[in-house]
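Worksheet for the structure shown next.
The values are calculated or read from the model by the stated rules, or taken from the named source; none is laboratory data. Everything quoted here is computed from the prediction, not taken from an experiment. Every residue, glycine as well, gets a Cβ built from its backbone with ideal geometry; the counts of neighbours run over all protein chains shown.
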Amino acid sequence: MSNERSAPNVLEVKPLRFYEYGHVNYQDVQVGDVLLARGISFGDNMLSLEADNISMKLDVHDYGIKDLERAKKSAVSKLGRKVLVRVSKKENGVLYVERNSIACETTQRLNTMIGSTIPATIEAISNFALFVDLGNGVESMVPIVEISENRFKNIKKEFEVGSEIRVKIQAYDAESDFFTVSRKRAYLPMDIPVGEKIVVTCAGFMDEKKTAIFVSYDPGNVGLMNVPHSINPNYFNYGDELIVRVTKYVNGKFKCAFVEKI
């Protein structure tokens, strides 16, 4: 029996049912249904996929990215990974699928969210940028100058493919079908209200007496926490996760007070 529910982040188009990977039955699936499939091979501009031993074909022209070379590279990156697709045709036991409508719907949704901060999944990492999926295959790039206020020596050591980050949607260029996004603007410390509790990591001590601790809210956002007089400084160790309360901002950096150790 199929596991059906409303498709996440997809505008309603009839007929529309969403099948989780592992719950796909060829007889149940209808044209217009949305499902998760795994990429298995790519050749002749065709991405082959499968779900529950059902073969699927996705023409790169229907991939949802206007630039053909970008579409090919993205399709290859999906090998061994799950992809959200919509059924366009059933024939001889094979499902022919497309992503154009899904990408279009997601682009329309994201275009109403300019200025918003959203989660994004890292698809690839180079020496100069993070390549991310904004949802349902809508892809973008975070250039190195927009990754963090701090400069990383090697961003490949700081981030992992498949991990999730937050990005701020800054603009959309309809001609190139591309969203401009920034990670560092999504993590600006001024976005954290004074008085709010946050989870940070102990990143080091300010001096040998351990009177204050540098704490990291994310790899590019470091604050300072004074060690309470009532607590032995040796109670804190590098890498400890702490709950702190933001108290003020000084020169764009946050200061915080200790609440408890996790």
| request: Taking GLY64 as meeting all but one of (1) on the phi > 0 side of the Ramachandran plot; (2) without any contact (Cβ under 8 Å) to a residue 60 or more places away in the chain, write down the number of the exception. | output: (2)
| field | Candidates ASP207, ASP173, filtered to the one that is loosely packed, with under 14 Cβ neighbours inside 10 Å, at pLDDT below 90 and within 28 Å of ASN111 (Cβ to Cβ) | value | ASP173
| request: Sort out which residues of segment 105-149 are in a helix (DSSP H, G or I) and closer than 15 Å to LYS184 by Cα, and write them in order of number. | output: ILE144, VAL145, GLU146
| Yes or no: VAL244 aliphatic (A, V, I, L, M), closer than 10 Å to VAL200 by Cα, assigned by TED's automatic domain parsing to the domain that holds GLY204 and at pLDDT below 90? | yes
| Which residues, counting only those in segment 102-112, are hydrophobic (A, V, I, L, M, F, W, C), more than 19 Å from GLU164 (Cα to Cα) and within 16 Å of the chain's Cα centre (by Cα)? | ALA103
| task | Could you tell me which residue of segment 1-51 is modelled with the highest pLDDT, considering only residues that are part of a loop (DSSP other than H, G, I, E, B), among the acidic types (Asp, Glu) and within 21 Å of ALA75 (Cα to Cα)? | result | ASP44
| said: free of Cβ contacts under 8 Å to residues at least 24 places away in the same chain and either in the same structural domain as ASP52 (by TED's automatic domain parsing) or touching a helix residue (DSSP H, G or I) at 6+ places or on another chain (Cβ under 7 Å) (or both): is that true of ALA124 in this structure? | reply: no
